[in-house]
Amino acid sequence: MDSTRSSHLVDQLLDEALHDVDHLTDLVVAAIRSRARSLADFPYDQHIADSVLSIRTMLIGLRNGDGPTAEALEHAAAIGRDRARFGIPLVDAIEGYHVAAAEIWGYLFSRASERGPAWIAELSSAVAPLWAVVNRTSTSFTTAHAAETARLAAGQHQVRSRLVALLGGNSPNSGLVTALFDQLGFDAQGSLTVLLTGQATPPVMEALQEQLGTLDGVAHCALDPEARILLIGQDIDLQNLAEMTRDLTDLRVGVGLTRTGAQGAAMSLTDAGLALAAATRAQPVVRFSSDWLTAIFTSEAHRLEPLLRSSIDTAGAHPHLADAVTAFAAHRFSLTAAAQALHVHPNTAKYRLARWEELTGWDALTGDGLIRSLIAIRLSAQD
């Protein structure tokens, strides 16, 4: 018997499957949607329509012994492109073919078992042709899915790059910016947050973009003209986003304030730039919402240089004195609590504050002196 041609008994089983194709399709789709989470949200009616045609052409190819037709292969390719546009991962999408083959085989085997061993023996001749059909159609599907995914990725990369360039320019309110936000899935009138990292390479940025797709909410990133990663997020856990960005890139990260609309996003970018400038090795992630004072003063460090240089140098040369000032501020201006945090006697903490005043001229026990001291200490960390 021709290895590509089914036997008379198998023909009967295939005819029964074709007659019952709607029921068989229901079984296949239910199995696929239960196993591939990303397909659970795919429109059910469309899933049924696509699947019934795929299963029918698969069964006809087996029945005729000539494998899938050109039309069947193009149908598989069209489904592949559609699944890519819907954002279904290839691994989930291709799983559908394996599930379909298993369900079809289970259906045929069940019918053969009802008729006896001779039917089961004949059915075994259909195993290789069935998998040959699955392999050819799934190859067509995979090739089309990969090509469409690459096309979409290239298009989205261009959109992200254009958005980043415009957001940092002089026209963040332009209609084009709003259109680009819409293309990337953002609500251009909603709340947006911008993060900015130190300089990175394209592969690092692309790896981060890939991981952004695993988060709830919407997030996209691209390199800005200074090769920093500019990341825009909406309806997303900012702490998780900042930590993931830091972990993946090993770069310092500035997090802007969450603001509304395209102009708000441009302002958030400015915030993120100020926060990034204030980031240090000890504090690699700085959020403008909590560290805005330090961020703003850091951005004006060049202007404040003549006023602060002596104190900045003192903080660098005598870190134990700077630590005493910081501890005093962090513990509600209590010498006792500051001393406990520093693991020294309260008199030692008091002496260190006095010594700081001798060297800088700023009394940390006064509001004005403490503010000036803390700014100088923080800026010393930037040197």
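A short reminder: the numbers here are calculations on the coordinates, not readings from a lab. These numbers were taken from a predicted model, which means no experiment stands behind them. Cβ placement follows ideal geometry from the backbone for every residue including glycine, while neighbour counts extend to all protein chains displayed.
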Longest site-free stretch - the chain; sites: trypsin sites (Lys or Arg not before Pro), DSSP loop, at most 12 other Cβ within 10 Å: 1-280
Quick one: dipole size for region 182-298, taken about the Cα centre, charges +1 on Lys/Arg Cβ and -1 on Asp/Glu Cβ, in debye to the nearest 20. 440 debye
On average, how much area does the Cα convex hull of region 8-152 cover when viewed from any direction, in nm²? 8.0 nm²
Mean projected area in nm² (Cα convex hull; one quarter of hull surface) for region 300-380: 4.7 nm²
At 37 °C and 0.692 mPa s, the Stokes-Einstein diffusion coefficient in µm²/s for region 131-278, with hydrodynamic radius from the Kirkwood sum on alpha carbon pairs, is 206 µm²/s
Determine, from the Cβ-Cβ distance of Ala154 and His23 and an R0 of 41 Å, the FRET efficiency 1/(1 + (r/R0)^6), rounded to the nearest 0.05. 0.45
In degrees, nearest ten, helix 70-86 long axis to first principal axis of the chain (Cα): 20 degrees
Show me, for region 145-158, the HN-Hα J-couplings you get by feeding each phi into the Karplus relation (A = 6.51, B = -1.76, C = 1.60, θ = phi - 60°), rounded to Hz, glycine and proline as x. 4, 5, 5, 5, 4, 5, 5, 5, 5, 5, x, 5, 4, 5
Which of Gln263, Leu274, Leu342, positive extreme of dipole for the chain (C-beta unit charges): Leu342
